[in-house]
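The values are calculated or read from the model by the stated rules, or taken from the named source; none is laboratory data. This is a predicted model, so every value here is computed, not measured. Counting neighbours? That spans all protein chains shown, and the Cβs are built from the backbone with ideal geometry, glycine included. We work out accessible area using only protein heavy atoms, side chains counted, and drop any ligands, DNA or RNA first. Shrake-Rupley method; radii C 1.70, N 1.55, O 1.52, S 1.80 Å.
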Amino acid sequence: MSRTLRVRQSQTVVPFGVGAVFDIQGESFVATGIGDWPTRGRQPVPSPRLASRLGVTGFYAAPATANDRFDTPDAPGAPYIRFPSWLFCGACRRMTRRRIAEEKRGQPPGCPSCSPARTLTPMRFVQICAAGHLGDVDWWFWAHSRRGAAERRQCGEREKLRFLVSERASGLEALSVACTAKGCGASRGLLDILGTHGMRCSGRNPWQRSAEAVECVRPVQVVQRTAGNLYYPVVHSALDIPETDGPAPVDDALAAKVREHDLWVSLCKVAGAGRAETLREMIQEDTGADDALLDDLLTEETGTAPSGPAAPETPAARLDLSREEWAAFTAPVPLVTRDFALRESTLGLSGETAEPWAGLRRAFGQVVLVDRLREVRALSGFTRVSPDATLVPADTARRLKWLPAVEVFGEGIFLTLGRRELGAWEADQRVRRHVSSMRADLDRSFQKDRLVTLTGPDLAPRFVLLHTLAHLLIRQMSFESGYTTASLRERIYARPEQDQYGILVYTAAGDAEGTLGGLVRQGEPPRLAETLLRMTEAAAWCSADPLCAEHTGQGFGNLNRAACHACALLPETSCETGNALLDRALVVGGGHVPGYLESVVAAARAAAADALEEM
Ligand SMILES: [Zn+2]
Ligand SMILES: [Zn+2]
Ligand SMILES: [Zn+2]
Ligand SMILES: [Zn+2]
Ligand SMILES: [Zn+2]
């Protein structure tokens, strides 16, 4: 019987991208570099914006196939090879080192010793180093490692090994590798196999030829082949947005309405004073103008810039993808293309004066429903041992100028905060002090370079606030709507220097049909407002409190405060930062810091208490 192995095209970037090790039907493989990809049938994935950012000529998706035959050269699909090459027989315990030349089409490897019908099992342990290399454990060396060098030299066989299991013990303690060469009998248990043992690094990955190996002196670590630190893919993603030139144009009709308002002249006279607030709100109520527009018009009229001058354009700023995406989402008249369709929506709370709804209305700004979006995800390479270790490029030979990518289609909800509310909260000294301690931890972190591309040059309170809100919203929505948290993703737009203050929560699938509109329905009024309120109430409490709430540094590199698996973290694929820079306290308050939605929590509690009394 011939077996079918299949890696879906949408999985060839994540989770089974170049360098990943994975099991299929009891066999274990590693995805090879794109230098081995078939040139026939690969599909171009256009994304000019992402290509220019990454400095490549373009992207290709692996040719789609129903049966990726790793053992057939130039077959369709993303290529992969057997790894680890050391296998063992569950019946006779003989270990076999399988060469690529020995692969038989469509057949799992059988035992050469007892019966070809016995399928061999891959060894559970492999070795990695921080230069991104991966290799088989030198099992002969391991079996003989308790012997002296002279004794070792006496053993004339290299591959006569058995993988033994003792019935008197369990776990690693029960396992050992023994040499069955005549007169040798060396063996060693696996109890202490994990870790570093002074073994040499092969200086390459399994698909690279020996000639491509480099001299590597990094310490080698033995890990399980399913270990989390075996593989960290480096993925970049961009949304397809309509081409726009410069900043979003001002809505002229709306601007005229504001300027013609009876109170406009009065507002210009008192701009900045306490009375201005009331005037603003009245003008906004009558015209529907948002804070950004009012600020722009006030600046034009009075010459005072409420939010400081824009940062000068640097090369890094031009490469930032968030700028254009933010502009596309907040454009007063949304540009719609085949792969990008937006609809302006609301929380459905206009005119609402009763708390906590009125508070919610002030705290949030725009709601935009994204009926259709296209995202390109490209893999530039991977690291091993830790996320900040040496990057291994997707083309290990470093000759190709393109990257592997996939496109996905989906839908989303774009949500901004109330610009003025945010400004006032962010100006609070307690908030600034609180976040400056997080900034200090970020400066010390080895993840800084990666995270700064998301946060902007200075970590602002709004980044941590918006990021935490995105996590809480995804968790709440998955709780209420049947989406799994892993099927939802976030994008944070929180660069103060670009006047960004919003999030996108979206879902995307591999086929061109995209998703079915279920997420967008969750964003329609009044549902979204109700979800946001329940999210806010839930955020005030974590099952790990008071420990979680009082934390001064948890998570990777101490980059989180009040945020743990029980309350705020998401699956890795959902999060842009790898679950760093989260803090519920900035949302609901706590310790010495006021939360952005603290008054909403208090009002919701008061309303609940009133309701109880009336019963
Ligand atoms: Zn056997
Ligand atoms: Zn031996
Ligand atoms: Zn190495
Ligand atoms: Zn928690
Ligand atoms: Zn996140």
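Points worth noting:
- Positions within the range 426-470 being under 18 Å from Gly555 (Cα atoms) and either not assigned by TED's automatic domain parsing to the domain that holds Asp499 or not in a helix (DSSP H, G or I) (or both), in sequence order: Ser445, Phe446, Gln447, Leu459
Listed here are the residues, each with its yes/no results for (1) aliphatic (A, V, I, L, M); (2) modelled with pLDDT of 90 or more.
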| residue | (1), (2) |
| --- | --- |
| Pro46 | no, yes |
| Phe59 | no, yes |
| Ala62 | yes, no |
| Phe70 | no, no |
| Pro76 | no, no |
| Ile81 | yes, no |
| Phe88 | no, yes |
| Ala91 | yes, yes |
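- Taking each residue of the range 129-152 that is farther than 30 Å from Ile81 by Cα and looking for partners that are open to solvent by less than 20 Å² (accessible area, probe 1.4 Å) and within 13 Å of ligand 2 (Cβ to nearest atom) with beta-carbon atoms closer than 7 Å, six or more apart or interchain, yields Arg147/Ala186; Arg152/His144.
- Residue in the range 444-458 that is within 16 Å of the chain's Cα centre (by Cα), of a type outside the set (A, V, I, L, M), open to solvent by 10 Å² or more (accessible area, probe 1.4 Å) and within 16 Å of ligand 4 (Cβ to nearest atom) present: no
- Yes/no for Leu391 being under 18 Å from the mean Cα position of the chain (by Cα), open to solvent by 10 Å² or more (accessible area, probe 1.4 Å) and aliphatic (A, V, I, L, M): yes
- Within the range 192-221, the set of residues being open to solvent by less than 70 Å² (accessible area, probe 1.4 Å), in contact with a strand residue (DSSP E or B) (Cβ under 6 Å, 6 or more places away or on another chain) and within 12 Å of Val385 (Cβ to Cβ) comprises Val220, Gln221.
- Considering residues of the range 1-60 that are within 15 Å of Tyr80 (Cα to Cα) and among the charged types (D, E, K, R) only, the residue surrounded by the fewest Cβ atoms within 10 Å (Cβ to Cβ): Asp23
- Every residue from the range 531-571 that is open to solvent by 10 Å² or more (accessible area, probe 1.4 Å), more than 15 Å from ligand 4 (Cβ to nearest atom) and either under 18 Å from Ile503 (Cβ atoms) or β-branched (Val, Ile, Thr) (or both): Leu533, Arg534, Pro571
- Single match in Thr577, Thr573 (criterion: in a loop (DSSP other than H, G, I, E, B) and modelled with pLDDT under 95): Thr577
- For the criterion of being at pLDDT below 95 and of a type in the set (Asp, Glu), Asp583 fails.
Every residue, every condition in (1) assigned by TED's automatic domain parsing to the domain that holds Trp207; (2) more than 40 Å from the chain's Cα centre (by Cα); (3) open to solvent by 20 Å² or more (accessible area, probe 1.4 Å); (4) more than 16 Å from ligand 4 (Cβ to nearest atom), yes or no:
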position: Asp138; (1), (2), (3), (4): yes, no, yes, yes
position: Arg152; (1), (2), (3), (4): yes, yes, yes, yes
position: Gly156; (1), (2), (3), (4): yes, yes, yes, yes
position: Arg162; (1), (2), (3), (4): yes, yes, yes, yes
position: Glu167; (1), (2), (3), (4): yes, yes, yes, yes
position: Val177; (1), (2), (3), (4): yes, no, no, yes
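- Figure legend. Inter-residue proximity from the range 198-223: first residues in the same structural domain as Val30 (by TED's automatic domain parsing) and touching a residue at least 12 places away in the same chain (Cβ under 8 Å), second residues open to solvent by 70 Å² or more (accessible area, probe 1.4 Å) and outside any loop (DSSP other than H, G, I, E, B), beta-carbon distance below 7 Å, spacing 6+ or different chains. Indicated pairs: Pro219/Thr196; Val220/Thr196; Gln221/Thr196.
- Unmet requirement for Ile241, which otherwise passes all of (1) outside any loop (DSSP other than H, G, I, E, B); (2) touching a helix residue (DSSP H, G or I) at 6+ places or on another chain (Cβ under 7 Å): (1)
- Residue check for Ala604: away from ligand 5 (no atom under 15 Å from the Cβ), on the phi < 0 side of the Ramachandran plot, surrounded by 21 or more Cβ atoms within 10 Å (Cβ to Cβ) and over 26 Å from the mean Cα position of the chain (by Cα): yes
- Residues considered: Thr515, Thr507. Of these, the only one that is closer than 18 Å to Leu373 by Cβ, part of a loop (DSSP other than H, G, I, E, B) and modelled with pLDDT under 95 is Thr515.
- Matching strands (runs of 3 or more DSSP E) fully within the range 79-132 where at least 3 residues are of a type outside the set (D, E, K, R) and surrounded by 16 or more Cβ atoms within 10 Å (Cβ to Cβ): 86-88, 125-128
- Residue within the range 532-552 that is within 23 Å of Lys448 (Cα to Cα) and assigned to a strand (DSSP E or B) present: no
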